[in-house]
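Here's the structure we're looking at; comments come further down.
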Amino acid sequence: MQLGPNSKGLTDIDLDCDEAIQLAPYFLPKTPAMFGRKSKATSHLLYTIDDAPTDKAVLKLTDKIGKDAKGIVELRMGGGSKGAQTVFPGSTHESGEIIEWVCDETPTHSDYATLKLAVTKIAVGTILRRNWPGRSGHAAALALGGFLARAGWSPDDIEKFVHAIAPDKKWKKDSSRTAKDSAEAHAKGENVQGFPGLCEQFGEEPAKAIAKILDYGSDLNQSEDLYEMLYGEGGELKSDDDAATGTASMPTPPIQRSVIQIKADGLSINSTQAQRLLKAAGVKFFERGGLLVRPITKEVTASEGQKTKVAQLQQVDTVYMRDMLARVIKWERWDVRKGKWVPTNPPFEIASTILGRNGEWPFPTIDGVITTPTMRPDGSLLLTPGYDKATRLLLVSPPKLPTMPDQPTRDDALTALALLEDLLEEFPFDNEISQAVALSALITPVVRGAFMMTPGHSAKAATPSSGKSYLFDIVAAIAIGQYMPVIAAGRNEEETEKRMGSALMAGQPLISIDNVNGELGGDALCQYLERPSVEIRMLGLSKLITVEARGTSIFATGNNITLRGDIVRRVITTTIDPKMERPELREFKKKPREMVLENRGQYIAACLTICRAHVVAGRPFQVVPLGSYEGWSNTVRSALKWLGKADPVDSMETTRKEDPELIRRQNMLTAWAVAIGIGFSSRCTMAKAVHTAKQTSSPGTPQFSDLRDAMAAVAPRKGDNIDPDDPIDNDALGRWLRSNNGKIVDGVRFTNKTSEGVVISRGSPVWWIEHRDGEQAGQRYREQCVKQPF
C-alpha cells in the first residue's frame, strides 16, 4: 500500500520490537486501525496527517549509532520523491506468518508533530528500558531527569515518561518522582547530571543513541562528530556544561523541533500548524476569560510595605507568543537567490493570528493557579502537579507533604486541628466564634478546589498592630509559602473593583484588601464573593472580561472595619482584642508564621486531613448550608463543627447588627411607621412622605424630625450651601425606596405592591409599610415604635 499524499495522508507507524509495542499505548494517540502478524499483532498503527514533510518519506529510529543499529520504530509518511510503502493484511510476511487486521476502522487523524514526538519517546523509552540498571533505580532516575531536562523536556513530561518506561512496578512511582525532582532542580539553576550521568547509568552506546535521537547538543548527525563533540579529542569525557556550550558552541535545542516552511499564501495553514505544534510540545498555555494566558511567578505588595511572590496567570502577548514559536519550531523561508529554504524567525502575523483565534485554541480552560495541593469536589485530593480537569486548577511546585492516611479518622482530624490551633494560641480572639473564623481562614484556601465559592474572611480590631495582618500572613504561609498579597481599598467602589478584578483575572489564590478605613461593601465585591463566573473590568481596558473566580479566596483587614449592605452575608469576621493600649509592643513567642515556613508541608497536610476525614466519615454534623456557599459549608464549616468548634457563620449576626445600611433601613421603617402609619390604608406617594417629614409644629421645629433625619441619611442633598430645612434629595430617596423594596427588618418592609402583586400608582408610585404577619402585628409594631422610636 502506498502511503502519503497519494493515499490522503495515510501514515503507518511500524513498531519493530516488543518493547516498542509495549510502550506505544503510553505515547501514541488511540487509533482503530491496527494490524500485524501472530508474533507481533499490533506492530502497525495507522493514522492520517495533513502536514507531513515534503522532503522525507520515513523517519527511522534505531538503538545504536553505526552499521549494527537495529530498528525500534518507523514513522512512514510517504513524502519525498521515493515515497513509502507498507505490506498490508492479505499478505504473507517473510517469516511465513499471515498479516492480519486487529482492528479495521477509519484511522485516527493526527499531525506530524504529535506522531514524531510519540515515536521519539517510544525509541528513547525502548533503549532506556533495555539498559535500565538493576542496582539502583534512584540513581538512574536522577541522571535521566537531569539529562532530559537539559534536552528541553518539562518536569511534568519527564515524570510521566519515566513512570511509563520504568521496567519494574516497584520503581515506577519513586523513579518518576525522583526524575521530576532532578528536572525541577535544573529549572531552578541548580547543578544536575546530564549526558555523563546518562552514560554512567545506562552505558555509553545507549546514551549516544539517545543523544542522537534527541538531537542533544547540536544538529550533527554523524556518529564520529557526535562522539567528538561529547567526549572531545582522545575520548576524554567533557562536563555537561562544556557539552552544551563549550566546544559545541551551540545551546541545547528543544526536543526534536519540527519545521514550518513559510509560504506567501499560507498564513492560515502555517498558523494552524504552529498552534498544533505548541499543543504537542506541551507549552503551558491556557484559555481564561477569552484571553490566552500562561502561569508565572510575580512579586506583589504585601502588608507594611513588604513584597511577596505569588503564582499568577499572565496574558500571552504577541512578543511572548513569537518567542515561544521560535523555541518550539524551526522556521524556514524560501531564498530565491540561494534557491533553497533557509532559517528565519517566526512572523509576527502568525503570532497575532493565533492570539486572535479565541474559541479555536486547543488549550484547556483554567480557573486559577495554585502552589498547594487541594481537595476536589468529590473529596479526593489533588496532589500531583499539573493541570487538573476536575477543578480546572493548575498545581505548580507544591511542597513535599508528609505521609497521610488515605482514610483518616476523627482522631487523625483532631490531631491535625491541634496543630493548627497551636499556631493561633497567642492570638487574643474575643470569643470562640472568632477563633473558628481564624481556623476557617487557615483551612479554606488549602481545600479551595472542593467548592465553587467561599465567603470572604475579615479580621478586625479596635486598635492598629493587634495582629490582623499577621494572622493572614500565617494563612498565606500555608497556602502559598509567602506573605499575604494585599491590595489597598480604592478611593471609591469603582477603583476597588478594578484592583480586585486585575487580581482575579490573574487567577492568584489569595487576595487581601488591607487596612480598610471605615466601611467595606459594593455590588462588585459582593459579586466577586458570591458568583463563580464574574464580569471584570480590567484596569486600562474598557471591555468586560468574564472569568471563573473559583480558585481565589478573598480576605480583608481593618481597624473597626464595618461591613455594609449585602456583603454582610458574604463575609465571616474574626475579632482580635488584645485589651491593651499599645498592642504593637506585644511579641509572639512562638513565631507561628516562621513555624509554618519551616515545615509548610505538615500544615497543608493538617488542613487536608481535617476535611478529608470529614468526607471519609460521611460528612456528619451537617449544618444548614449558608446560601451560595453550600460547598464550603459542607466541607470546612461542618468539619469544624464536627470537631467541636464554634460555627464561624455565627460571626455574621454581630456584623449584621453593625451594618450601617441595615441601621438606616431600620430607622426609616421606624420613623415612617410613627409619622405616616403602617398598612395599606396608610399608603402615600414619596412626595407626600417628604412633605410630612418637613412639617413643623412651630416655626423652625420639625414635627417629625426622626423621619426627616432618616430620609436625609439615606438620600442626602449634595453640594455647597445646603438649606438645613431642605436636606432631602427626592430623586435619591426614590432610588433608595426602589432598591430597598421588600427587604424585611424586624418583620416589616416597604412595598408598593398588593398581595396580588399589583403595583399601586397614581402617577407616582405609592408606598406603604406592611408586616409579614398581618395588620394586627403591624399595629403592635407601630405602638412599640411610638414608645421607643430608635
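Can you bin region 41-81 into rounded, prolate or oblate? Criterion: square roots of the alpha carbon gyration tensor eigenvalues sorted a ≥ b ≥ c, rounded for a/c under 1.5, prolate for a/b above b/c, oblate for the rest.
Values: a/c = 3.40, a/b = 1.38, b/c = 2.47.
The shape class here is oblate.
Within the straight-line cut-off of under 19 Å between alpha carbons, the lysines reachable from Lys590 are Lys468, sequence neighbours fewer than 8 places apart in one chain being disregarded. For region 106-166, the calculated P(r), taken from all Cα-Cα distances in 10 Å bins from zero up to the bin holding the longest distance, is 19, 52, 21, 7, 1 percent. Principal axis extents of the Cα atoms in region 689-790, from largest to smallest and rounded to whole angstrom, are 44, 32, 22.
For region 1-117, the normalised intensity computed at q = 0.15, 0.20 Å⁻¹ comes to -0.64, -1.16 (log10 of I(q)/I(0), Debye sum over alpha carbons, equal scatterers, no solvent). Taking Cα atoms only, the orientation of helix 775-787 departs from the longest principal axis of the chain by about 70 degrees.
Return the lysines within reach of Lys718: Cα separation strictly under 22 angstrom, same-chain partners fewer than 8 residues apart disregarded; answer none if there are no such residues. Answer for Lys718, where 22 Å is the Cα cut-off: Lys688, Lys694, listed by chain and number. Among the listed pairs Lys208/Lys340; Lys307/Lys645; Lys67/Lys160; Lys116/Lys160, a Cα-Cα separation exceeding 29 Å is found for Lys208/Lys340; Lys307/Lys645; Lys67/Lys160. Kirkwood analysis of region 139-185, using all unique Cα-Cα pairs, places the hydrodynamic radius at 9.8 Å. Here the label points at Asp726 and Lys64, each 7 Å from Cα along the C-beta direction, are separated by 10.5 nm in the simple model. Over the Cα atoms of region 282-398, the radius of gyration divided by the Kirkwood radius equals 1.11; this is the Rg/Rh ratio.
For the chain, build the convex hull from the C-alpha positions and give me its volume per residue in Å³. Let's see the in-between values first.
Numbers: hull volume 197.3 nm³, N = 790.
Convex hull of Cα atoms, per residue: 250 Å³.
Values of log10 I(q)/I(0) for region 738-786 across q = 0.14, 0.25 Å⁻¹ run -0.37, -0.98, by the Debye formula with one identical scatterer at each alpha carbon and no solvent. Ranking Val259, Thr692, Gly145 by Cα position along the charge dipole of the chain, where only Lys, Arg, Asp and Glu carry charges on their C-beta atoms, puts Thr692 farthest toward the positive end. If you model region 359-462 as an ellipsoid using its alpha carbon gyration tensor, with each semi-axis the square root of five times an eigenvalue, the axes come out at 30, 19, 12 Å, biggest first.
With a cut-off of 11 Å between beta carbons, the residues surrounding Glu661 carry a summed charge of +1, where Lys and Arg count +1 and Asp and Glu -1. Taking the longest Cα principal axis of the chain as reference, the axis of helix 155-165 is set at about 50 degrees.
Determine the shape class of region 445-552: with a ≥ b ≥ c the square roots of the Cα gyration tensor eigenvalues, call it rounded for a/c under 1.5, and otherwise prolate if a/b is greater than b/c, oblate otherwise. List each step's numbers first, then the result.
On the way: a/c = 1.85, a/b = 1.23, b/c = 1.50.
It is oblate, given that a/c is not under 1.5 and a/b is not larger than b/c.
Hey, what angle do you get for helix 112-130 against the long axis of the chain, alpha-carbon based, 0 to 90 degrees rounded to 10? Approximately 70 degrees, to the nearest ten. Computed over protein heavy atoms with a 1.4 Å probe, the carbon and sulfur contribution to the accessible area of the chain reaches 47%. Rolling a 1.4 angstrom probe over the protein heavy atoms with all chains in place gives the chain an accessible area of 46 Å² per residue. Each of Thr108, Leu707, Tyr320 was scored by the projection of its Cα onto the charge dipole of the chain, and the greatest displacement toward the positive side belongs to Leu707; charges sit on the C-beta of Lys, Arg, Asp and Glu.
Go through Lys309/Lys330; Lys212/Lys263; Lys298/Lys460; Lys8/Lys389; Lys70/Lys400; Lys180/Lys641 and tell me which ones have a Cα-Cα distance over 32 Å in this structure.
Working: Lys309/Lys330 34 Å; Lys212/Lys263 30 Å; Lys298/Lys460 28 Å; Lys8/Lys389 34 Å; Lys70/Lys400 42 Å; Lys180/Lys641 40 Å.
Correct reply: Lys309/Lys330; Lys8/Lys389; Lys70/Lys400; Lys180/Lys641.
Geometric descriptor of region 530-662, per residue, is 204 Å³ (volume of the convex hull of the Cα atoms).
The values are calculated or read from the model by the stated rules, or taken from the named source; none is laboratory data. The structure displayed is predicted, hence computed values, not measured ones. No Cβ is skipped: glycine too gets one built from the backbone with ideal geometry, and neighbour counts run over all protein chains shown. Only protein heavy atoms, including side chains, enter the accessible area calculation; ligands, DNA and RNA are left aside. Shrake-Rupley method; radii C 1.70, N 1.55, O 1.52, S 1.80 Å.
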